[in-house]
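What follows is a single structure, written as structure tokens, with notes after it.
The values are calculated or read from the model by the stated rules, or taken from the named source; none is laboratory data. The structure displayed is predicted, hence computed values, not measured ones. Quick reminder, even Gly has a Cβ in these numbers, built from the backbone with ideal geometry, and neighbours come from all protein chains shown. Areas reflect the complete protein model, heavy atoms only, side chains present, ligands, DNA and RNA absent. Shrake-Rupley method; radii C 1.70, N 1.55, O 1.52, S 1.80 Å.
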Amino acid sequence: MRIIQVENQAAGGRVAFELLKEKLAEGANTLGLATGSSPLSFYEQIVESDLDLSDLTSVNLDEYIGLSGENPQSYRYFMQEHLFNQKPFKKSFLPNGVAEDVEMETRRYNQILVEHPVDLQILGIGTNGHIGFNEPGTSFDSTVHVVDLEQSTIEANARFFDKIEDVPTQAYSMGIRNILNSKSIILFAYGASKAKAIAGTVEGPITEELPGSALQKHEDVVIIADKEALSHLKK
């Protein structure tokens with residue numbers, strides 16, 4: 001696990017972009033993508049670059065259940081606005097938030113991950129240590145599944161909605177085993193609110209009560225974080 005301290009999110013985006021170019025030069029073909037504020041500067045770097053992604057495939061970590069791709073709060077809409085409209089991929093996969101059969105959709109998306117193994121996975125981390133929407137207590141052997149979102153996660157995401165009652169309470173998420181199957185991982189963390197989760201991810205015991213700690217089991221993880229997010233590390 002490698003840690004790169006940066007001054008701010010803009011600097012973190014630049015560092016991640018250089019890592020992306022290295023992976024592409026090594027033959028990376030499938031990118032695992034995340035939503036939220038943490039990877040935004042990274043996506044901005046891609047959009048402003050001359051990179052051509054039209055031969056690549058993307059798969060996203062998660063999607064709210066109950067929101068269509070046209071809903072401005074859906075993760076498909078987020079990806080369209082911040083990346084796909086400007087830099088289209090050959091294929092881009094996300095769970096279908098309005099699929100009629102939830103179990104069938106989890107199987108469908110898991111099969112997509114089998115057929116398109118991820119070369120580079122982008123992650124953020126929640127204040128409770130969740131990666132993707134894998135909340136504390138999620139099995140490290142989990143694959144794509146339906147998640148009942150914790151109240152802390154709902155409250156954290158409420159800032160994107162008109163009122164907290166509008167925040168979906170369930171989501172599809174890659175499982176932790178799916179994430180660990182990625183060849184390489186970049187995790188972004190910014191701000192003091194992420195410090196406890198990062199300390200547990202890097203130095204704490206490997207426990208399902210802190211999903212991020214599973215990353216200690218992976219051979220190629222880079223954490224890009226600011227001073228505040230790294231402030232609880234002992235080393």
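Tabulated results
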read-out: Euclidean distance between Cα centres, the range 90-130 to the range 7-80, Å; value: 14 Å
read-out: Rounded to the nearest 20 debye, dipole of the chain from Cβ charges on Lys, Arg, Asp, Glu; value: 640 debye
read-out: Amide hydrogen neighbours beyond the local backbone of L33, cut-off 5 Å, H modeled; value: V59, N60, L61, I122
read-out: Accessible area of the chain belonging to carbon and sulfur atoms, whole % at 1.4 Å probe; value: 46 percent
read-out: Average accessible area per residue (Å²) across the range 2-230 - probe 1.4 Å, nucleic acids and ligands excluded; value: 44 Å²
read-out: The chain: equivalent-ellipsoid semi-axes (sqrt of 5 x gyration tensor eigenvalues, Cα, Å); value: 23, 22, 18
read-out: Members of K21/K235; K87/K234; K87/K183; K90/K183 lying beyond 31 Å, as alpha-carbon distances in this model show; value: K87/K234
read-out: Segments 33-46, 151-164, 201-214 sorted - mean Cβ within 10 Å per residue, highest first; value: 33-46, 201-214, 151-164
read-out: Computed over the chain: relative contact order in percent, which uses C-alpha pairs under 8 Å that are six or more apart; value: 25 percent
read-out: Percent antiparallel among DSSP beta bridges (both partners in the chain, rounded to 5); value: 25 percent
read-out: Rounded if a/c under 1.5, otherwise prolate or oblate - the range 125-235, Cα gyration tensor axes; value: oblate
read-out: Karplus-derived 3J(HN,Hα), 6.51/-1.76/1.60, for each residue of the range 28-35, Hz, glycine and proline x; value: 4, 10, 10, 9, x, 10, 10, 10
read-out: Estimated vicinal HN-Hα couplings, Hz - the range 114-119 in sequence order (Karplus 6.51, -1.76, 1.60; Gly, Pro = x); value: 5, 7, 10, x, 7, 8
read-out: Amide H partners (placed H, <5 Å) of V6, local residues excluded; value: A225, D226, K227
read-out: Cβ crowding within 10 Å averaged over residues, with 103-114, 51-62 ranked highest first; value: 51-62, 103-114
read-out: Karplus-derived 3J(HN,Hα), 6.51/-1.76/1.60, for each residue of the range 15-25, Hz, glycine and proline x; value: 5, 5, 5, 5, 5, 4, 4, 4, 5, 5, 5
read-out: Gyration tensor verdict on the range 70-110 (Cα atoms; rounded if a/c is under 1.5, prolate if a/b is larger than b/c, oblate otherwise); value: oblate
read-out: Dipole magnitude of the range 15-120 about its Cα centre (Cβ charges: Lys, Arg +1; Asp, Glu -1), debye to nearest 20; value: 80 debye
